[in-house]
Ligand SMILES: Nc1ncnc2c1ncn2[C@@H]1O[C@H](COP(=O)(O)OP(=O)(O)OP(=O)(O)O)[C@@H](O)[C@H]1O
Ligand SMILES: [Mg+2]
């Protein structure tokens, strides 16, 4: 499904498309987090898209807001898109996916960002929701949009930053009431920097962590399979996965280790099908030594 053209002058929106899209299946299938978490995410999204419009606000206050929190490189942004794509398949109806990035707003000076945030939530998103499709809105890196309004932050941030947070809160409330077909997915790698009232509005907060040994193993195999179908040494793989998990490297770095192995050896750059676990293990040790030397 091709991306829909974003109307000119709409600030904050960096992507707009209809899902499902086969090209997006990987964003769900190849992001390895616990099955229990994936089940909860799927259940939440299906319930929100199917039933939220029937709920009464006071009896079951549902904002249609899911938060994925966790360190960089753990799959939050990818999973958000993958979840919307997966949900579209499960509910058997196309979904409109709206990608909002706080860095696509104008400068946070002169009240401009507060105005454009308000415009986004009060006009643009309701207009998009009016198309009638179940709509998933990604608020990526939400710590830059709903900046925590604590005392310390008040001292270091211009007052406009806090006004923008107020506008986000009012905006989420407005969309929750006026557009029951909209569900937000917010991501953050800095939960402490997100405003408490924003987090309080979340229906579900999932902590996506560093991959454990089993997940590292799966990610390594999945990445190496991009290059070769050759059999892999299982005991070496198990040892490497344990070592990666013990050093708390994130999933993105696990995949990049395979790339590092290719960069380390000319033969592999020329013929990546020759890659073996020992090469990735050597890359891991080299990275670890470089890191230790830097500290
Ligand atoms: N849990 C995971 N399983 C498999 N691959 C992963 C996982 N997490 C991240 N990756 C790999 O890293 C890439 C980047 O992940 P993504 O950008 O979604 O992370 P993020 O948590 O949003 O990071 P950031 O906080 O820096 O924005 C993914 O496209 C994928 O290749
Ligand atoms: Mg991200």
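The values are calculated or read from the model by the stated rules, or taken from the named source; none is laboratory data. Note that the coordinates shown come from a computational prediction; the quantities given were computed from them, not determined experimentally. Note that we place each Cβ from the backbone using ideal geometry, even for glycine, and neighbour counts take in every protein chain shown.
Descriptive notes on the structure:
- Qualifying residues in region 235-254 (those that are surrounded by fewer than 17 Cβ atoms within 10 Å (Cβ to Cβ) and not in a loop (DSSP other than H, G, I, E, B)) - the one farthest from ligand 2 (Cβ to nearest atom): 235
- Only residues that are within 16 Å of ligand 2 (Cβ to nearest atom) and in contact with a helix residue (DSSP H, G or I) (Cβ under 6 Å, 6 or more places away or on another chain) were counted in region 177-192, giving 5.
- Among the candidates 227, 257, 232, the residue that is modelled with pLDDT of 95 or more, touching a helix residue (DSSP H, G or I) at 6+ places or on another chain (Cβ under 9 Å), surrounded by 14 or more Cβ atoms within 10 Å (Cβ to Cβ) and in a helix (DSSP H, G or I) is uniquely 257.
- The lone exception for residue 208 - which of (1) away from ligand 2 (no atom under 16 Å from the Cβ); (2) over 20 Å from residue 288 (Cα atoms) it fails: (1)
- Within region 145-178, tally of residues that are at pLDDT 90 or above, over 25 Å from residue 87 (Cα atoms) and exposed (fewer than 15 other Cβ atoms within 10 Å of the Cβ): 1
- In region 92-106, residue modelled with the lowest pLDDT [restricted to those that are under 13 Å from the mean Cα position of the chain (by Cα) and surrounded by fewer than 24 Cβ atoms within 10 Å (Cβ to Cβ)]: 101
Let's see how each residue does on (1) away from ligand 2 (no atom under 16 Å from the Cβ); (2) modelled with pLDDT of 90 or more:
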residue: 59; (1), (2): yes, no
residue: 63; (1), (2): yes, yes
residue: 73; (1), (2): no, yes
residue: 81; (1), (2): no, yes
residue: 90; (1), (2): yes, yes
residue: 113; (1), (2): yes, no
residue: 119; (1), (2): yes, yes
residue: 135; (1), (2): yes, yes
residue: 143; (1), (2): no, yes
